[in-house]
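What follows is one structure encoded as structure tokens, with my remarks underneath.
The values are calculated or read from the model by the stated rules, or taken from the named source; none is laboratory data. A quick note: this is a predicted structure, and the numbers were derived from the prediction, not measured. In this analysis, Cβ positions are derived from the backbone assuming ideal geometry, glycine residues included, and neighbour counts consider all displayed protein chains. Side chains included, ligands, DNA and RNA excluded: accessible areas come from the protein's heavy atoms. Shrake-Rupley method; radii C 1.70, N 1.55, O 1.52, S 1.80 Å.
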Amino acid sequence: MLLTEIDHVAIAVHDLDAAVDYYESTFGASVTHREVVESDGVQEALLAVADSYIQLIAPTSDESPVAKFLERRGEGLHHVGYRVDSCEQALTQLKDAGARLIDTEPRPGSRGTTIAFVHPKGALGTLIELVQEN
Ligand code: CO
């Protein structure tokens, strides 16, 4: 099995602070990491659930892919991040299996991870992120 754990469930939101407040006041969750990932046009807050995270993401500009997602679909589930031992190895295996990839090469993700996205078309309608912890 290529996937070792669920790393995070990513939820697209308009207002990051309001979304964090909701998870804190409703579920008693707390933020373990915040980061602006300028290359992806997102700011994120990670809230730990055991060894996984809820990843709240909000766009940093109107040009952000997340801004376009929010326009089209509104707030809600954006992608699922699965942990893999090696992003590079996983991509090779997925290419061999004929999967449609967004990232053909691993690239830097938030909190020092290495990541790659798999296209939702051909993946049962779900945007998938492969996450390698470094
Ligand atoms: Co993610």
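The residue pairs whose first member lies in region 122-134 and is under 10 Å from H8 (Cα atoms), whose second member is within 10 Å of the ligand (Cβ to nearest atom) and not in a strand (DSSP E or B), and whose beta carbons are closer than 6 Å, counting only pairs six or more residues apart or on different chains, are V131/T113. Exactly one of these conditions fails for K68: (1) assigned to a helix (DSSP H, G or I); (2) within 16 Å of the ligand (Cβ to nearest atom); (3) surrounded by 12 or more Cβ atoms within 10 Å (Cβ to Cβ). Give me its number. Exception for K68: condition (2). Note on region 92-134: residues that are assigned to a loop (DSSP other than H, G, I, E, B), touching a His at 6+ places or on another chain (Cβ under 8 Å) and charged (D, E, K, R) total 1.
Does A48 fit the bill of being more than 12 Å from the ligand (Cβ to nearest atom), without any contact (Cβ under 8 Å) to a residue 60 or more places away in the chain, open to solvent by less than 30 Å² (accessible area, probe 1.4 Å) and part of a strand (DSSP E or B)?
Numbers: more than 12 Å from the ligand (Cβ to nearest atom): yes; without any contact (Cβ under 8 Å) to a residue 60 or more places away in the chain: yes; open to solvent by less than 30 Å² (accessible area, probe 1.4 Å): no; part of a strand (DSSP E or B): yes.
So A48 does not fit the description; no.
Suppose we keep only residues that are polar (S, T, N, Q) and more than 20 Å from V80 (Cβ to Cβ) within region 1-30. Which one would you say is farthest from the ligand (Cβ to nearest atom)? So that I can check it myself, show each step before the final result.
Pass one, region 1-30, residues polar (S, T, N, Q): 4, 25-26, 30.
This time we only want the ones that are more than 20 Å from V80 (Cβ to Cβ), so: 25-26, 30.
On the way: S25: 24, T26: 22, S30: 19 Å.
Per the criteria, the residue is S25.
Every condition in (1) of a type outside the set (G, A, S); (2) at positive phi; (3) buried (at least 17 other Cβ atoms within 10 Å of the Cβ) is met by R111 except one, and the failing one is (3). Kindly provide the set of residues from region 51-65 that are part of a strand (DSSP E or B) and closer than 16 Å to L16 by Cβ, ordered by number. Within region 51-65, Y53, I54, Q55, L56, I57, A58, P59 meet the criteria.
Return yes when G41 is of a type outside the set (A, V, I, L, M) and within 23 Å of E5 (Cα to Cα) and no when it is not. So G41 does not fit the description; no. Scanning region 71-91 for residues that are open to solvent by 50 Å² or more (accessible area, probe 1.4 Å) and assigned to a strand (DSSP E or B) yields L77, Y82.
Give T4, T32 a once-over and let me know the one that is among the polar types (S, T, N, Q), part of a strand (DSSP E or B) and closer than 22 Å to T126 by Cβ. Give the derivation first.
Numbers: T32 fails: closer than 22 Å to T126 by Cβ.
Just a single option satisfies the conditions, and that option is T4.
Checked against the criteria, H33 does not count as within 13 Å of the ligand (Cβ to nearest atom) and buried (at least 17 other Cβ atoms within 10 Å of the Cβ). Inclusion of Y53 among residues that are within 23 Å of D103 (Cα to Cα), surrounded by 19 or more Cβ atoms within 10 Å (Cβ to Cβ) and of a type in the set (S, T, Y) is warranted.
For region 1-30: of the residues being open to solvent by 50 Å² or more (accessible area, probe 1.4 Å) and among the hydroxyl-bearing types (S, T, Y), which is nearest to the chain's Cα centre (by Cα)? Looking at residues that are open to solvent by 50 Å² or more (accessible area, probe 1.4 Å) and among the hydroxyl-bearing types (S, T, Y), I get T4.
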